[in-house]
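Trainee: Pasting in a structure now, in structure tokens, and then I'll have a few things to ask.
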Amino acid sequence: RAAGRVARQGERGQALAWLAPLVWPRCVRKMGMSASREASSTASPSLSADLHVSSGVSLSASVQHLEAQLRDVMVCYRGKCKAQALEPNANIVSTLQSFPHGARLQGQGWRLPLSRKGLRDRDVVQLCQALAQVCKESDHEENGGLLSVTSIDLSFNKITAEGAIAVFEVVASLHSVVELLMDGNRIGDAFSCMRSSPNLSSLRTLSLRTNRIRHLDRFPALPALTTLLLDGNDLGDSMKIACLAGSCPALESLSLTWCSIKNLSRACAALSNLPKLRVLAFQAPRRCVGPVDDMAPARSLGLHRGHLRTA
């Protein structure tokens, strides 16, 4: 019996040996990502007293100042919900209470983590109004503004056009947010519903993947934006992306995969007025119409099915 067991174990080991080169690198990457995530989430702000934010205040002092401001935001948010006879969203309250312990340090500031919270427009509107009010009141202080919040993550919620407009307006009032993530929502034609274009001069990264966007007319002016992700939106016509040249003159990276763009030549011509564009990603359809040789400004071009890269 022992000899038979050893033989079976040897055969099993030989059968699974070919999986090691495939499985082990993935395990290593997963372990590294989890370790870095755990280290970033468990890092104490008091141990990083030498780090400084853009305002010149030490990180620990910035955290204390931010915690006090977010307590005011939570009080204001609850008051606005009570005035509208609404129940405060438990996920928003818990996030504001645990911040910044559950947040991640992003560059020289903190990311406000509100992804996958099931937030609807009414929750987002009330929260944005509270953030804008506290920011306006703190502008008169010595260290006014929510200077430590440089990134807001609202991905994979239930936000439509109304909530998106409120988010853009509060980002314009904060003057510190450089990254806005809103993937997996349903903002649709939010840009067409804006009464006026908000001042989003601080925003450098904007991710709006899979948001049912079909029109880019009245796209807000983003003079400092360098990265724009519009994957999974049914844009189709190349003329719809032509307005990006006037709205985002500093754009360096643009992703348009799975946007139903079939005529690559016209799409490249529509983006030819972006002098700083360096990375452009398309979804390559089964039948590409037109050559891609006229892609003058971009140094690299990625196609999902064609695997084409130009330098």
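The values are calculated or read from the model by the stated rules, or taken from the named source; none is laboratory data. Values in this document were obtained by computation on a predicted structure and should not be read as measured data. Reconstructed Cβ throughout: ideal geometry from the backbone, glycine too, with neighbour counts over all protein chains shown. SASA here: full protein model, heavy atoms, side chains in, ligands and nucleic acids out. Shrake-Rupley method; radii C 1.70, N 1.55, O 1.52, S 1.80 Å.
Trainee: Taking the condition of being of a type in the set (Gly, Ala, Ser), crowded, with 16+ Cβ neighbours inside 10 Å and farther than 18 Å from Trp258 by Cβ, how many residues in segment 198-222 meet it?
Mentor: Residues meeting the conditions: 1.
Trainee: Out of Phe168, Phe156, report the one residue that is open to solvent by less than 10 Å² (accessible area, probe 1.4 Å) and either closer than 27 Å to Leu66 by Cβ or more than 17 Å from the chain's Cα centre (by Cα) (or both).
Mentor: Phe168
Trainee: Just for segment 171-189: of the residues that are part of a loop (DSSP other than H, G, I, E, B) and open to solvent by 20 Å² or more (accessible area, probe 1.4 Å), which one is nearest to Arg111 (Cα to Cα)?
Mentor: My answer is Val178.
Trainee: Cβ-Cβ under 7 Å, sequence separation 6+ or interchain: first residue in segment 221-238 and assigned to a helix (DSSP H, G or I), partner buried (at least 19 other Cβ atoms within 10 Å of the Cβ). Which pairs?
Mentor: Close Cβ pairs (under 7 Å, with a partner that is buried (at least 19 other Cβ atoms within 10 Å of the Cβ)) amount to Ser238/Ile261; Ser238/Ala267; Ser238/Ala270.
Trainee: Out of Asn211, Asn199, report the one residue that is within 29 Å of Val134 (Cβ to Cβ), free of Cβ contacts under 8 Å to residues at least 60 places away in the same chain and in contact with a helix residue (DSSP H, G or I) (Cβ under 6 Å, 6 or more places away or on another chain).
Mentor: Asn199
Trainee: State yes or no: is Ser192 farther than 24 Å from Thr150 by Cα and either touching a Leu at 6+ places or on another chain (Cβ under 9 Å) or surrounded by fewer than 18 Cβ atoms within 10 Å (Cβ to Cβ) (or both)?
Mentor: Against the criterion (farther than 24 Å from Thr150 by Cα and either touching a Leu at 6+ places or on another chain (Cβ under 9 Å) or surrounded by fewer than 18 Cβ atoms within 10 Å (Cβ to Cβ) (or both)), Ser192 qualifies.
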